[in-house]
């Protein structure tokens, strides 16, 4: 298996990145909203396919503003649709960042487990000749007995 992480950046690089991402929320903080768990279910939102519908209604309402209620202004819907588009651009940028970091983290975890398995195999071979190592490896044995996959005999159906 290939090694994924070829170089590790200085901790300052990831710390700076985290601070930058966290700081990027500052300008949007005044506009944050909180939705309770009770508010979310059943909320009519602009799910997939509904944006086109909302934009169609907006165009028609803009063309025929006299057909709306007195307190309604088509510019309000236009402004919200523009805002939604701006938010979508930000959401996509965040998802790109998240995908990048998930891939890096997945690669790091694969490299970690490859090294862990290689080190464990070497330690297992050496433990026969070293009592202190054998004692230390008992923690590994205990870990493996609790967390590794059960043998195939455990998967056999129960007899009646």
Is the shape of the stretch 1-81 best called rounded, prolate or oblate, per the rule: a/c under 1.5 gives rounded, else a/b larger than b/c gives prolate, else oblate, with a ≥ b ≥ c the square roots of the Cα gyration tensor eigenvalues? prolate
In degrees rounded to 10, the 0-90 angle between helix 131-147 Cα long axis and the longest Cα principal axis of the chain is 40
Quick check: pseudo-label points 7 Å beyond the Cα along Cα→Cβ at residue 67 and residue 143, how many nm apart are they? 6.9
If I take R0 = 41 Å and measure r between the Cβ atoms of residue 128 and residue 38 in this structure, what FRET efficiency does the formula 1/(1 + (r/R0)^6) give, to the nearest 0.05? 0.10
Which angle from 0 to 90°, rounded to the nearest 10, does the C-alpha axis of helix 11-24 make with the longest principal axis of the chain? 20
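Need one number for the chain: average projected area of the convex hull over its C-alpha atoms, nm².
Details: hull surface 83.3 nm².
That works out to 20.8 nm².
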Residues 123, 77, 56, sorted so that the one with the fewest Cβ neighbours within 10 Å comes first: 56, 123, 77
How tilted is helix 74-126 with respect to the longest principal axis of the chain? Cα atoms for both, answer in degrees (0 to 90, nearest 10). 0
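Quick note: the coordinates plus some simple rules give every number you see, no bench work behind them. Just so we're clear, the structure is a prediction, and the values are computed from it rather than from any experiment. Positions of Cβ are generated from backbone atoms using ideal geometry, with glycine treated the same way; all protein chains shown enter the neighbour counts.
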